[in-house]
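Below is one structure; the comments refer to it alone.
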Amino acid sequence: MGLYTGSASYVRYRLIDDPPERVKEFALEKLKEFSFREIETGTLNEKSAGWVSAENMASTFFDDLHFSKEPYFAFSLRIDVRRVPGLAMKAAMLREEIKYKKNSGLEVLRKKDRDLLKDQVRQELVKRSLPSPTLFDVCWNTATNAILFFSTSAAANEEFVGWFLRAFGLKLGRLLPYDLAGVAAEKHPGLEIRFPTVSFTNE
């Protein structure tokens with residue numbers, strides 16, 4: 001679930017590095033510089049990642065109306081990946097092996113020839129395959145430097161942290177429940193925070 005849905009699952013982060021003073025201009029520049037680029041047809045590129053509008057995954061247009069909701073920035077990370085299904089690869093390889101044996105007069109392919117043929121077959125399938133897109137919403141609170149990433153997938157979060165560092169040059173630290181409790185205690189010194197206790201008994 002994402003930013004514009006009725007319910008959402010997300011992971012909290014905080015900026016470890018301080019952002020520039022003119023953070024809106026800075027973020028806008030980096031969103032445009034590291035915006036999503038489509039994988040071109042006929043190429044061997046298997047993956048493409050970049051920022052897109054949180055309102056339209058096909059749009060890389062960012063301005064105050066479509067990205068800045070003071071004090072929040074809203075945008076999305078789009079990742080397109082080309083995947084060759086295993087059965088499609090197997091079928092194509094068997095077909096090409098038959099052709100190769102017929103043309104070469106060989107009954108059995110040498111390992112070197114088979115590996116070369118496999119690589120050629122895979123490249124052709126990659127060129128013809130359509131990318132599968134995934135979209136992850138991001139909400140950046142510039143007042144608190146807290147960032148919400150709308151996915152709990154470990155792989156997606158790892159991708160996001162790495163891409164955020166590459167794009168903005170800023171490191172992210174994950175906010176755990178213990179950290180959030182500490183923030184609440186700082187804001188409300190008289191607040192009593194209790195953590196659940198677990199007891200073990202031998203039966």
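None of the figures in this text is laboratory data; all of them are computed from the coordinates on show. All values derive from a computational prediction rather than experimental measurement. FYI the Cβ positions are ideal-geometry reconstructions off the backbone, even for glycines, and counts take in every protein chain you see.
Summarising the label geometry, the points placed 7 Å from Cα in the beta-carbon direction at residue 69 and residue 119 lie 4.9 nm from one another.
Taking the empirical scaling 2.2 N^0.38 Å for compact globular proteins as reference, the stretch 37-172 has a Cα radius of gyration ratio of 1.50. Treating each Cα of the stretch 6-64 as one equal point scatterer and applying the Debye formula with no solvent, the log10 of I(q)/I(0) at q = 0.13, 0.18 Å⁻¹ comes out as -0.52, -0.89. For the stretch 86-127, lysine pairs with C-alpha atoms less than 20 angstrom apart, excluding pairs fewer than eight positions apart on the same chain, total 17. Each residue of the stretch 165-175 was assigned a 3J(HN,Hα) from its phi angle through the Karplus expression (A = 6.51, B = -1.76, C = 1.60, θ = phi - 60°), giving 5, 5, 6, 9, x, 10, 8, 10, x, 6, 8 Hz with x at Gly and Pro.
The slack between residue 112 and residue 171, meaning 0.36 nm per residue of separation minus the straight C-alpha distance, is 16.8 nm. Straight-line cross-link partners of residue 30 among the lysines, defined as a Cα under 21 Å from its Cα and at least 8 positions apart when in the same chain: 47, 69, 171. Of the trypsin sites (Lys or Arg not before Pro) found in the stretch 9-80, those in coil by DSSP whose Cβ has at most 11 other Cβ atoms within 10 Å are 22.
Fully extending the segment from residue 38 to residue 81 would add 14.4 nm, taking 0.36 nm per residue of separation and subtracting the current Cα-Cα distance.
The stretch 86-127 gives an Rg/Rh value of 0.97, both radii derived from C-alpha positions and Rh following Kirkwood.
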